[in-house]
Amino acid sequence: MFNFFKVQEVSHESKEIKLAKDFQNIPNISKYFKKNTGIDFDDQEVIFKSRITSFCRAHKISSFSSCLKLIYIDQELRQELTDYLTTNESFFYREFHQIEKLVQKVQSSCKNVKILCAPSAQGEEPYSIAIALLTAGVKPSQFHITGIDISLEAIQRAQTAVYNEKAIRNLSNELRSMYFEKKSESYHLTRKVKNQVTFKCINIFENEFTQLPNFDYIFSRNMLIYFDTKTRLKAQKLFTSHFVDANTEIYYGHADLTHMH
Ligand SMILES: C[S@@+](CC[C@H](N)C(=O)[O-])C[C@H]1O[C@@H](n2cnc3c(N)ncnc32)[C@H](O)[C@@H]1O
């Protein structure tokens, strides 16, 4: 079935003509992607088109319509495309003032807390929270963090927890030596931080998300910026349904809040 949609072997010249002809129309694939992930490329048609074109070329798929047919039936390819189109850029201690606020609240509450990071990207944010809580003397048994992201590749990287200098640029030498082991140019996160976080590949708009438990604190930073207003509201409603009670706090990123006004 998979091969059915693959491009036939053609000469280089005719292949170029075919690509030029078949890679003209992207609305359907863009609509499909938006419907499934919430991510809206309407204002970035050129970027979207160029990314999908190189994805198709890399997989020897001859047109956008073939690509669409394939991602309907091939779960693995669909995941690969999602990994390819999502922006997983993040770094440790990003917008740290919010994490500081959380630390103060957890310290003064004395109860065990569950924290959600949606999206977690490659783990930088949930691990930052774990590092900040542990450094403040909060007991490991007092908190647990769930990190979710739609990108499987990002989740796998989060589970590996190996970072480069750029990702940890905001961390002091003291924190680096307390929580990382340096091996050549890479920083390997220690087990005691990794143990505080569980990762899952979940799309917030899919059923699996509703099956997660409720949380005392939710971080959803720098994801809503990729959604249109309607999808943003839908996401916010989904988060509210995971509040433990009226005291649950949700932290959005600065950029998300700018988009909400
Ligand atoms: C720029 S990162 C933000 C990471 C981190 N929260 C931060 O602020 O640094 C945005 C992430 O949102 C994820 N994402 C986009 N749509 C999603 C969805 N529908 N469900 C779950 N994650 C999604 C992407 O895969 C990407 O890793």
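Quick look at the values:
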quantity	calculated
Residue check for residue 43: surrounded by fewer than 17 Cβ atoms within 10 Å (Cβ to Cβ) and in contact (Cβ under 8 Å) with a residue 40 or more places away in the chain	no
Top-ranked residue in region 199-214 [being in contact (Cβ under 8 Å) with a residue 12 or more places away in the chain and exposed (fewer than 13 other Cβ atoms within 10 Å of the Cβ); ranked as farthest from the ligand (Cβ to nearest atom)]	213
Meets criteria (touching a strand residue (DSSP E or B) at 6+ places or on another chain (Cβ under 6 Å) and within 9 Å of the ligand (Cβ to nearest atom)) for residue 90	no
Qualifying residue in region 245-258 (condition: modelled with pLDDT under 95, assigned by TED's automatic domain parsing to the domain that holds residue 177 and either within 16 Å of the chain's Cα centre (by Cα) or among the aromatic types (Phe, Trp, Tyr) (or both))	yes
Hey, residue 77 away from the ligand (no atom under 13 Å from the Cβ), of a type outside the set (Gly, Ala, Ser) and more than 27 Å from residue 232 (Cβ to Cβ) or not	yes
Any hit, region 245-257, residues being away from the ligand (no atom under 14 Å from the Cβ) and touching a Leu at 6+ places or on another chain (Cβ under 7 Å)	no
Search result, residues across region 165-187 that are surrounded by 11 or more Cβ atoms within 10 Å (Cβ to Cβ), assigned to a loop (DSSP other than H, G, I, E, B) and free of Cβ contacts under 8 Å to residues at least 40 places away in the same chain	165
Residue check, residue 34 within 21 Å of residue 226 (Cα to Cα) and either at pLDDT 90 or above or surrounded by 11 or more Cβ atoms within 10 Å (Cβ to Cβ) (or both)	yes
Residue list for region 117-164, filter: within 21 Å of residue 175 (Cα to Cα), outside any helix (DSSP H, G or I) and either away from the ligand (no atom under 16 Å from the Cβ) or polar (S, T, N, Q) (or both)	120, 122, 136, 137, 138, 139, 143, 144, 162, 164
Filtered residues of region 87-116 (kept if hydroxyl-bearing (Ser, Thr, Tyr) and either modelled with pLDDT of 95 or more or assigned to a helix (DSSP H, G or I) (or both))	90, 93, 108, 109
Tally of residues being within 30 Å of residue 36 (Cβ to Cβ) and away from the ligand (no atom under 16 Å from the Cβ) across region 165-185	0
Test: residue 188 is within 30 Å of residue 241 (Cβ to Cβ), away from the ligand (no atom under 16 Å from the Cβ) and touching a strand residue (DSSP E or B) at 6+ places or on another chain (Cβ under 8 Å)	no
Residue 98 out of contact with any helix residue (DSSP H, G or I) (no Cβ under 8 Å at 6 or more places or on another chain) and either acidic (Asp, Glu) or more than 11 Å from the ligand (Cβ to nearest atom) (or both)	no
Close pairs (8 angstrom Cβ cut-off, 6 or more residues apart or separate chains): in a helix (DSSP H, G or I) in region 215-243, away from the ligand (no atom under 14 Å from the Cβ) and not aromatic (Phe, Trp, Tyr) anywhere	224/260; 232/260
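Residues checked against (1) charged (D, E, K, R); (2) over 17 Å from residue 144 (Cβ atoms):
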{"position": "171", "(1), (2)": "no, yes"}
{"position": "187", "(1), (2)": "no, yes"}
{"position": "192", "(1), (2)": "yes, no"}
{"position": "200", "(1), (2)": "yes, no"}
{"position": "206", "(1), (2)": "yes, yes"}
{"position": "209", "(1), (2)": "no, yes"}
{"position": "214", "(1), (2)": "no, no"}
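The values are calculated or read from the model by the stated rules, or taken from the named source; none is laboratory data. Note that the structure is predicted; figures quoted are calculated from it, not measured. Methodologically, a virtual Cβ is constructed for each residue, glycine included, from the backbone with ideal geometry; neighbour enumeration extends over all protein chains shown.
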